[in-house]
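This report refers to the structure that appears directly beneath it.
The values are calculated or read from the model by the stated rules, or taken from the named source; none is laboratory data. This structure is a prediction, so every number in the text was calculated from the model and none was measured. Neighbour counts are summed over all protein chains in view; Cβ atoms, including those assigned to glycine, are modelled from backbone coordinates with ideal geometry.
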Amino acid sequence: MLRLGIDTGGTFTDFVLWSDQGWQVHKVPSTPDNPARAILSGIEALLGKGFSPLEIVHGTTVGTNAFLERRGAKVVLLTTQGFEDLLFIGRQTRRELFSLTGSKHLPLLPRQYCLGVHERLRADGSIHQPLLDSEVQRLRHQIEALAPEAVAVCLLHAYGNPVHEQALAAGLAELALPLSLSSQIMPEFREFERTSTTVLNAYLEPIVTRYLGALKDQLPGVSLFIQQSNGGFMPAGRAGSQAIHTILSGPAGGVNAAWHLGQALGEPNLLTFDMGGTSTDVALVAGAIPFTQEYQLDGYPIGIPLIDIHTVGAGGGSMAYQDQGGALRVGPQSAGADPGPVCYGRGDQLTVTDANLWLGRLIPEFFLGGRLALQMEATRQAMARLATEFRVTPVELALGIIRVANSHMAKALRAVSLERGYDPRDFALFCFGGAGGLHVCELAQELDIRRVLVPTQAGVLSALGLALAQPSRDFAKTLLWSGAQLRPELIDREFQELKRQGLAELAREGLDPLQVETQLGVDLRYQGQSYTLTVPWGPAFRDAFHQRHQRAYGHAFPERALEITTLRLYCQAKSALPDLPRQDTAATSPVLNCPAHIKVWLPEGRAQVPVHYRPRLPVGFSFKGPALIVEDFATLLVLPEFSGQVDAWGHIHLQR
């Protein structure tokens, strides 16, 4: 069986194929109007016309893009009467505290599409006001009149008892509309977060379902799986109804690959830095893959567990421009794959990639393995035009574009480290993505990080993470227990019931429960607090919480009573993973003949630097900066105060 990881980004689509013959990699420009076109093109380049039997694990941005561009489905929300405004009120927090003209996020649906349901459950799940058949019929007629494309159902306290949501689902089944029930999507307390997550799922479900259905039709005989935001994958047939789980689909693959490589190399503490063509994704791995239930997408909370990734709009395609005050801005708007940077020959807006090319940090003939020659003259002309507007020289403008982009990325790295109680100097900066190597040394200097790790095939590492992924599922149960209820034997009993339900559901999906690994966690808080921290379940759960609280907030209260709000169960299939790829992994591009030296603008000035073709570097090869390390899908700029060495797997370790 062949396993193919496919990561669709805003600028490029990456492929990593594993077979009995080893690993192969490939990269093609993305086709945003129809992502399947780029996927089929890449598969054909790797495998020709016949590619069965084949397993594909696909990281997709279809759902994320549909949300950001507000192209989702027309949704009706059913909620307990009196709570129709919940989605619009939110937490009453302001993103811009001192702004006199503050703005709210764009609504996903108009207020008249929020319908109140005459029913009521108590906090313990008992029924206060029953749901009558006549009420279900009334709602059905209202929904028919509104003619939505999907329905979201989020009733008060449905996490404690799903009976009313299930009754609504049964009564509305004849409408043949996609139904998202909060008791299935996020069966946890916190009404705003649960409503937001459920509505987002309904908003994206028709879009994701149509995309995956069309893709499967073009891949007959292929087993198609979709990467989830928690690092595992699920069958494409379930991904539509669980569309919210694909929201960080591609970036999750990168963190998954970084963690696997870190474990293999004895590097448990990593700051991952993934710079692509459209955005940069960063995460902090402190011995384990980080998860969060507090992720927000443009102001809308997503309450499901997903890998804790911070994203900023700074990538190779981020556009540089002069704002109304005359300042230089870079991003978050991106030139994407079409028209792309000026040097691609179609666009006219300068980007970070154009700045790197002008500074000599990219070799025009070798971009994308020699399959996309960059147009230097077009970049020179565009740089001169914008430099004139700023009344600076082109080199000052190009270096300024790099500095501004770096400031955005450094801020993101601080957000996941310093702002959460971690010193970035205690971590290795793990660099990947097609554009990351051109910026990583300057970022290491900015954060005073001493060690940088640039893995083999860094330009397609997220696709490698997809190829290494395993099936997984998350389950949760809200308890809200405190005091005498926090006895291990009582909590163990609840966990056993949650495991029984979870494994039974996985068995219905074809997974052998004996081949499933489980991890248990509990959401804890001090009594009286509103927010929680998740710690592993075990005899020392109290001490683990106090330590986590101390690190996160700078203080702890060991004498205070605790409250468990939620039990968490993470299930992942056990299977043997292939050996990780080495630098000699086969690519579809020809071997490049690089110049021995090239003139490059560094922060200190222009210098003649040696050029090394990475696939030809022998094990143990040592070098000192400045240097330019080129490969098919990425370029590494090594600054003067860094030295590097190639390990037995082809990974480059930099020290300063």
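Tallying residues that are modelled with pLDDT under 90 and not hydrophobic (A, V, I, L, M, F, W, C) within the range 41-62 yields 6. Name the residues in the range 24-58 that are of a type outside the set (Gly, Ala, Ser), part of a helix (DSSP H, G or I), more than 11 Å from Gly5 (Cα to Cα) and in contact (Cβ under 8 Å) with a residue 60 or more places away in the chain, would you? Result: Pro35, Leu40, Leu46. All of Ala239, Ala264 fail the test of being among the aliphatic types (A, V, I, L, M) and free of Cβ contacts under 8 Å to residues at least 60 places away in the same chain, apart from Ala239. Residues considered: Ala384, Ala378, Ala373. Of these, the only one that is under 27 Å from Gly459 (Cβ atoms) and either at pLDDT 95 or above or part of a helix (DSSP H, G or I) (or both) is Ala378. Counting only strands (runs of 3 or more DSSP E) that sit completely within the range 247-314, those holding 1 or more residues that are under 13 Å from the mean Cα position of the chain (by Cα), among the hydrophobic types (A, V, I, L, M, F, W, C) and under 14 Å from Leu461 (Cα atoms) correspond to 269-275, 280-286. Just to verify a result, which residue in the range 288-341, among those that are of a type in the set (Asp, Glu) and within 20 Å of Arg548 (Cα to Cα), is surrounded by the most Cβ atoms within 10 Å (Cβ to Cβ)? If we take residues in the range 288-341 being of a type in the set (Asp, Glu) and within 20 Å of Arg548 (Cα to Cα), then Asp308 is surrounded by the most Cβ atoms within 10 Å (Cβ to Cβ). Is it true that Ser622 is surrounded by fewer than 17 Cβ atoms within 10 Å (Cβ to Cβ) and either modelled with pLDDT of 95 or more or in contact with a helix residue (DSSP H, G or I) (Cβ under 6 Å, 6 or more places away or on another chain) (or both)? In short, yes. Residue-level analysis places Thr60 outside the set of residues that are touching a Gly at 6+ places or on another chain (Cβ under 9 Å) and more than 22 Å from Ala239 (Cβ to Cβ). Would it be correct to say that Ile244 is under 16 Å from the mean Cα position of the chain (by Cα), over 27 Å from Arg548 (Cβ atoms) and modelled with pLDDT of 95 or more? For Ile244, the condition - under 16 Å from the mean Cα position of the chain (by Cα), over 27 Å from Arg548 (Cβ atoms) and modelled with pLDDT of 95 or more - is not met. Just one of (1) of a type in the set (Val, Ile, Thr); (2) in contact with a Pro (Cβ under 7 Å, 6 or more places away or on another chain); (3) assigned to a loop (DSSP other than H, G, I, E, B) fails for Thr353. It is (3).
Hey, among the residues in the range 133-162 that are β-branched (Val, Ile, Thr) and touching a Ser or Thr at 6+ places or on another chain (Cβ under 9 Å), which one's nearest to Leu567 (Cα to Cα)? The selected residue is Val153. Within the option set Ala435, Ala444, being closer than 16 Å to Val312 by Cβ and touching a residue at least 24 places away in the same chain (Cβ under 8 Å) holds for one residue only, Ala435. With respect to Ile207, is the statement that it is in a helix (DSSP H, G or I) and aliphatic (A, V, I, L, M) true? Yes; evaluated as a whole, the condition is true for this residue. Every condition in (1) acidic (Asp, Glu); (2) modelled with pLDDT of 95 or more; (3) over 30 Å from Gly554 (Cβ atoms) is met by Glu365 except one, and the failing one is (2). If you go through the range 9-39 and keep only what is farther than 12 Å from Gly336 by Cα and of a type in the set (Val, Ile, Thr), you end up with Val16, Val25, Val28, Ile39.
Checking each residue in the range 444-490 for being touching a strand residue (DSSP E or B) at 6+ places or on another chain (Cβ under 7 Å) and farther than 30 Å from Phe225 by Cβ picks out Ala444, Ile449, Arg450, Arg451, Val452, Leu479, Leu480, Trp481, Ser482, Leu486.
Of these, Thr280, Thr272, Thr246, which one is touching a Cys at 6+ places or on another chain (Cβ under 9 Å) and under 30 Å from Pro341 (Cβ atoms)?
Step by step, each of Thr280, Thr272, Thr246 is checked, and only Thr272 is touching a Cys at 6+ places or on another chain (Cβ under 9 Å) and under 30 Å from Pro341 (Cβ atoms).
Where residues in the range 375-398 are touching a residue at least 60 places away in the same chain (Cβ under 8 Å) and closer than 22 Å to Glu365 by Cα, which of them is surrounded by the fewest Cβ atoms within 10 Å (Cβ to Cβ)? That would be Val395. Taking the criterion of being part of a helix (DSSP H, G or I) and crowded, with 17+ Cβ neighbours inside 10 Å, the residues of the range 415-428 that qualify are Val416, Pro424.
Count of the range 465-478 residues, restricted to those that are over 30 Å from Thr272 (Cβ atoms) and surrounded by 19 or more Cβ atoms within 10 Å (Cβ to Cβ), is 1. The lone criterion from (1) in a helix (DSSP H, G or I); (2) more than 28 Å from Gly502 (Cα to Cα) left unmet by Cys431 is number (1). Taking the criterion of being surrounded by fewer than 22 Cβ atoms within 10 Å (Cβ to Cβ) and either under 14 Å from the mean Cα position of the chain (by Cα) or part of a loop (DSSP other than H, G, I, E, B) (or both), the residues of the range 219-239 that qualify are Leu219, Pro220, Gly221. Taking the range 631-645 as the range and being aliphatic (A, V, I, L, M) and surrounded by 22 or more Cβ atoms within 10 Å (Cβ to Cβ) as the test, the residues that pass are Ala634, Leu636, Leu637, Val638. Residue count for the range 401-442 satisfying the condition of being touching a helix residue (DSSP H, G or I) at 6+ places or on another chain (Cβ under 7 Å), within 22 Å of Ala327 (Cα to Cα) and among the aliphatic types (A, V, I, L, M): 5. Selection over the range 82-128 of residues that are of a type in the set (Lys, Arg), farther than 24 Å from Pro148 by Cβ and exposed (fewer than 13 other Cβ atoms within 10 Å of the Cβ) gives a count of 3.
Number of residues in the range 316-338 that are out of contact with any Pro (no Cβ under 9 Å at 6 or more places or on another chain) and of a type outside the set (A, V, I, L, M, F, W, C) equals 11.
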